[in-house]
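Where a number appears in this text, it was derived from the coordinates with a stated rule and is not lab data. All values reported here derive from a predicted model rather than from experimental measurement. Glycine gets a Cβ as well: all are built from the backbone with ideal geometry, and neighbour counts include every protein chain shown.
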Amino acid sequence: MSYPSDLTDSEWKILEPLVKQGKMGRPREHSTREILDAIFYIVKGGNQWRMMPKDFPPWKTVYDYFYRWKKNGFWDAIHDELRSQCRKQVGKEETPSAAIIDSQSVKTVQKGGSVVMTQVKKQRVVSAT
């Protein structure tokens, strides 16, 4: 079965060389593409690991790959490599020379909100005694 979160063939063609398994260690029981499709299913859908459909590899296996790749910097390395490739495609330097951080403050309480609540609490304490 396929899901909207699955890698397309063209996406896999880009990712495959980046996730290629070395010759050391035992062969994988599940393909890297299957593992990535399962991870993207969870991440894009916001689902729970244990609720992964049965046509994916076992959830514990997928979670183990996700966690190990997170811990060893695999996801950061993939991100950096894809960013470099995209920047080269449009004729820019591989790494950005500057970054912009933007923030915005949003008021969550109307003017006097916390003061009014403090006064209400004080009145309740006084009237209770």
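List of remarks:
- Oblate is the label for region 53-111, because a/c, from the alpha-carbon gyration tensor with a ≥ b ≥ c as root eigenvalues, is 1.5 or above and a/b does not exceed b/c.
- Ordered by the number of other Cβ atoms lying within 10 Å of each residue's own Cβ, fewest first, HIS30, HIS79 fall into the sequence HIS79, HIS30.
- Sorted by Cβ neighbour density within 10 Å, fewest at the top, the residues ILE78, ILE42: ILE78, ILE42
- Dividing the mean sequence gap of close Cα pairs (under 8 Å, 6+ apart) by how many residues region 3-83 holds gives a relative contact order of 28 percent.
- Spin-label pair GLN85/ARG33, simplified geometry with 7 Å Cα→Cβ offset, distance in nm: 1.4 nm
- Net charge, ILE35 excluded, C-beta distance under 14 Å - Lys, Arg +1, Asp, Glu -1: -1
- Restraint check, LYS20/LYS70; LYS70/LYS92; LYS20/LYS71; LYS71/LYS92; LYS20/LYS92; LYS44/LYS71, Cα-Cα greater than 22 Å: LYS70/LYS92; LYS71/LYS92; LYS20/LYS92
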